[in-house]
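Each value in this text was obtained by applying a stated rule to the coordinates, not by laboratory testing. Model, not experiment: these values are computed from the prediction. Cβ coordinates were reconstructed from backbone atoms using ideal geometry, including for glycine residues, and neighbour counts include every protein chain displayed.
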Amino acid sequence: MLQHIKYLKIKTIAIITLVSLFNVSCDSILDEQPISEIGSQNFWKNNIDAESGVVAIYDAMQTTYSRNHFLWGEFRTDNYKAGSSGASINNLELVRQNITPGNASLRWHSLYSLINRANQAIKYIPTIIGYKKSLLAEAHALRAYAYFDAIRVWGSVPLYTEPTESVVDLLRPRTSGTTILNEVIIPDMLKAAELMDTPSNNFRFSKASILCLQADVYMWTHEFDKAKKAIDDMIKLGDHSLVTTVQAWEDLFYNTPQGPATPDARGKVQKGSELILSINYDLVDDQRSGVFGLFFAGIPSFYVSDTLEAKWVDKFPIDKVGWETKYPGVAPAVTLSTGPVYGDWRYFLSRSGGYDNTLVGTAQVAKFTKLNFNPSLDDTDIVLYRYAGMILLLAEAENQLGNTNRSLQLVNQLRTARKLPQVTLAEFGTSIDERENYILDERQLELLGEGKRWWDLRRTNKAIQILNPIYQITGTASQLTENSLLFPVYFEHLIENPNLLPQNAGY
């Protein structure tokens, strides 16, 4: 077995090396465009090669999403306000809603490396006699996931469904997001589901995570019945469930290295029944995440917003009188040596200071790590799909389908697991829109720091409605318009490939 693993890693390194060699030999255009992996026809000979090729796609995913998962989906929201003025300008642009085409987070070369490796796998795995269908399923799922993010970030992007094995036809124009959605993303995710035979796998696409991807896409297209079916089917697999203790919830995310200042730290945990799909990082394999640097940097780019703090404390008062007035007879879930902790314990575990610090205005997200650490020690896994998020997404779908009682039941299922007060029907809301807002708030608190909030606001067409009044009052960001909901295309991409013009409106 060990010899097989070592061989697999060598094969994976070999295929990645082919990419690097080709990049070095070409001009800067190819640094930003889908890249060729010369010798593919000589590589895909058996299932060990196929396994290595698919692992290479995940390798590209680690690089692509280390920071971008959060830069694209987390920080342009009411979860945050700008941190130190000395922080990265690229980061501050996101939270201030004044993104410029020179922002480095807009480079898409690593995303297209992922897509190109997936294209290779999709082309060549079927040529292998007795190929493993689940490997082909993973390639389709990975390509669908990458293109889904691409169209959500930029709207329209160059479309490649074949591996780019020569310099011909690299300077393609952009294809509309609708076309990519209908002709690539949806067919890919359905094909992946058809081929996949692995029920669950925390770090690779499986039946469970492919169904989550389907639900994500169908919620985006407002096909709520299809999203409901996908999540129901995922639940029926029976491989995941809500954790029901404070410690188990913290363990889903916890990664604080032990050191002189943290003798009681427990290192990397990140385990639990809620984790459906995460991107895995491992220091032994020289893989680094971007979590420490973004959420707990020495010079912080992002503070938890006063708006979010106020919402959280209003929903779950952190003082004895406020709590007992709002939730009479409901005991707090956490008791320390100093007495009961009033409020939502997730609030204290998701922000710096823990239970001892309630200062508002300079708190950082401490959901993953509790102290500032050197990014070279960062092997924090990035959670893509979690059972709690899917339960609340199902509540959203049920609400849109008019199934109010079922929607409320799902919200309270999560509240029960979190040992928090139940939501009443009157509190839930009297209209679909009111209930949707309530569910979005529940998702905001539960999924803080997980790269979901921006896409929630975009999916429900509420980004302008919710964010602009906050910015108008606080003066912390520019007003959003329909044109600024997409990100701009990185300026160098437009220089290197004029066929990408025009730039996205508003930039």
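Descriptive notes on the structure:
- Size of charge dipole - the chain - debye, nearest 20, with Cβ of Lys, Arg +1 and Asp, Glu -1, no other charges: 520 debye
- Simple rule: put +1 on each Lys or Arg Cβ and -1 on each Asp or Glu Cβ in the chain, find the dipole, and look at VAL489, ILE99, ALA261; the Cα lying farthest toward the positive end is ALA261.
- Above-threshold pairs, the threshold being 29 Å between Cα atoms, out of LYS226/LYS370; LYS311/LYS452; LYS226/LYS462; LYS45/LYS191; LYS228/LYS370; LYS45/LYS271: LYS226/LYS370; LYS228/LYS370; LYS45/LYS271
- The relative contact order of the chain, computed from alpha carbon pairs under 8 Å that lie at least 6 residues apart in sequence, is 19 percent.
- Cα long-axis angle, helix 2-25 against the chain (0 to 90 degrees, to the nearest 10): 70 degrees
- Stokes-Einstein D for region 92-147, Kirkwood Rh over Cα pairs, 4 °C, 1.567 mPa s (µm²/s): 97 µm²/s
- The dipole here belongs to region 270-380: it is taken about the Cα centre, uses +1 on the Cβ of Lys and Arg and -1 on the Cβ of Asp and Glu, and is about 300 debye.
- Helical content of the chain, expressed as a calculated mean residue ellipticity at 222 nm, amounts to -15000 deg cm²/dmol (DSSP H runs of 4 or more residues, -39,500 (n - 2.57) each, divided by residue number, nearest 500).
- Volume in Å³ per residue [convex hull over Cα atoms, computed for region 344-410]: 129 Å³
- Peptides 219-227, 283-291 ordered by packing proxy, namely the average of other Cβ atoms within 10 Å per residue, highest first: 219-227, 283-291.
- Farthest toward the positive end of the dipole of the chain, out of THR179, SER200, SER337, is the Cα of SER337, where the dipole comes from beta carbon charges about the Cα centre.
- Segment HIS222-ALA261, length gained on full extension (0.36 nm per residue, minus Cα span): 9.2 nm
- Full-stretch length increase - LEU425, ASN468 - with 0.36 nm per residue and alpha-carbon distance subtracted: 12.6 nm
- Contact order relative to length of region 178-282, as percent, for alpha carbon pairs under 8 angstrom and 6 or more apart: 25 percent
- In this rough spin-label picture, where each label sits 7 Å from Cα along the Cβ direction, the GLN287-TYR327 distance is 3.7 nm.
- Take the Cβ atoms of LYS320 and ILE495, set R0 to 41 Å, and the FRET efficiency comes out at 0.10.
- Folded to 0 to 90 degrees: helix 224-236 orientation relative to the chain principal axis, Cα: 90 degrees
- Using a Förster distance of 22 Å, the FRET efficiency for ALA248-LEU336 (Cβ separation, nearest 0.05): 0.75
- Shape metrics for region 258-411, restricted to C-alpha atoms - Rg then Dmax, Å: 18.2, 55
- Per-residue packing, averaged as other Cβ atoms within 10 Å, sorts the ranges 308-314, 149-155 into the order 149-155, 308-314, beginning with the highest.
- Among ASN46, THR244, PHE296 the positive-end extreme of the charge dipole of the chain (Cβ point charges): THR244
- Once the mean of 1/r is taken over each pair of separate Cα atoms and inverted, the chain shows a Kirkwood hydrodynamic radius of 23.8 Å.
- In this simple spin-label model, placing a label point 7 Å from the Cα along the Cα-to-Cβ direction at both ILE432 and GLU194 gives a separation of 3.1 nm.
- Extension gain, ASP233-ASP356: 0.36 nm per intervening residue step, less the Cα-Cα distance, totals 40.1 nm.
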